[in-house]
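Q: My questions all concern the structure below.
Laboratory data are not the source of any read-out in this text; all were calculated from the coordinates shown. The model shown is predicted, which means the values in this text are computed figures rather than measured ones. Don't worry about glycine lacking a Cβ; one is built from the backbone with ideal geometry, like all the others, and counts go over all protein chains shown.
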């Protein structure tokens, strides 16, 4: 039986040869990149790569080796493309992305639309981002907000995109693809539910409590201490506060924000009633202009991948090879295309960064229906 150390020695020799051949291959790929720079040819040639893979797998003597060679050379070709993108960027062949840098997002003499009613958390996020003197108006649906900026009725829209406990708002992602609008900022608001009532109301007066269904759920432990209260679900927490203020019934209370209480003249009867502490919602600031602040540090993109093994990995590897940190990924099924998905990804970076340009160039060539949703400053609470 051959000694293990002898076998490992043979592997070391082979591995050294593989490294030498790999570097020799990459040197040739750099010459290919030079040719493409001069001729304007695209880096990614799917037909050529598929034909090459078919020829290589035909040289193997088993199904196992055939799959292994395909996986190996898919990876080698992917690395080769990434090197070619770097060389194209160095030579200035990769042009500017279709976004304009601005010093900062305009916050004066503008009009902002938000979805919901007065007192909603969305309005609170708007005021925190733009200030108290903002000129604003409310609409009933998220779609209405995006149509308002698309039609020029507003300069910016404020929309919820993600809650720390309930997850992302899938419909917002779908709407961002439907409209030619872009994320230019974000604001995170801590969701701190309070119990609101008419001034002078005592807990012993309450018989009914109303809120959004999620608000009732998020305050379950508090409500379990008052099982005699009837729970009524309404469209949103601000509407619950408005209902209590309008009906002037001291036996009614609302679960909503302290901000909603201020708007509708209600008194905070009990603070910090949420079961989960630290619950926050992330809101996005949307414009119909392709702009980004010079200090923007977060990029959101959407893309679809070919329906084959390893396709998502190869797309995401553009972030790896360009040393970009991916902070989030979500998937949504593509309507009328069973078992196919589009992906929404957040990465750290600025559209002026060469590494970002390299990654986006590669993704744009290799994925389908790529859209840069925006480059903006990550929000803080």
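Q: How big is segment 321-360 along each principal axis, measuring the range of its Cα positions in Å and listing the largest first?
A: Principal extents (largest minus smallest coordinate, Cα): 37, 17, 17 Å.
Q: In addition: What is the Cα centroid distance between segment 41-88 and segment 297-375, reported in whole angstrom?
A: If we compute the Cα centre of each part, the gap is 21 Å.
Q: On to the next question. Find the Rg to Rh ratio for segment 46-140, where Rh is the Kirkwood radius over alpha-carbon pairs and Rg uses the same atoms.
A: Here the Rg-to-Rh quotient is 1.40.
Q: How many nm separate the modelled label positions at residue 61 and residue 89, each set 7 Å beyond the Cα in the direction of the Cβ?
A: If labels sit at residue 61 and residue 89, their model points lie 4.3 nm apart.
Q: Round to a whole angstrom and tell me the spacing of the C-alpha centers of segment 230-261 and segment 115-165.
A: 21 Å
Q: P(r) for segment 194-270: what percent of alpha-carbon pairs falls in each 5 Å bin, starting at zero?
A: 3, 20, 33, 28, 14, 2
Q: In whole Å, what are the extents of the chain along the principal axes defined by its C-alpha atoms, from largest to smallest?
A: 86, 58, 38
Q: Hey, got the Cα dimensions of segment 282-381 along the principal axes, in Å, largest first?
A: Each principal axis gives a Cα extent; for segment 282-381 these are 38, 28, 25 Å.
Q: For the chain, what does the helix formula give at 222 nm: sum of -39500 (n - 2.57) over DSSP H segments with n ≥ 4, over the residue count, nearest 500 deg cm²/dmol?
A: Rounded to the nearest 500, it is -13000 deg cm²/dmol.
Q: Cα atoms only, segment 14-94: Rg and Dmax in Å?
A: 14.3, 45
Q: A further question follows. What angle, in degrees between 0 and 90 and rounded to the nearest 10, separates the Cα long axis of helix 63-90 from the longest principal axis of the Cα atoms of the chain?
A: Between helix and principal axis, roughly 80 degrees.
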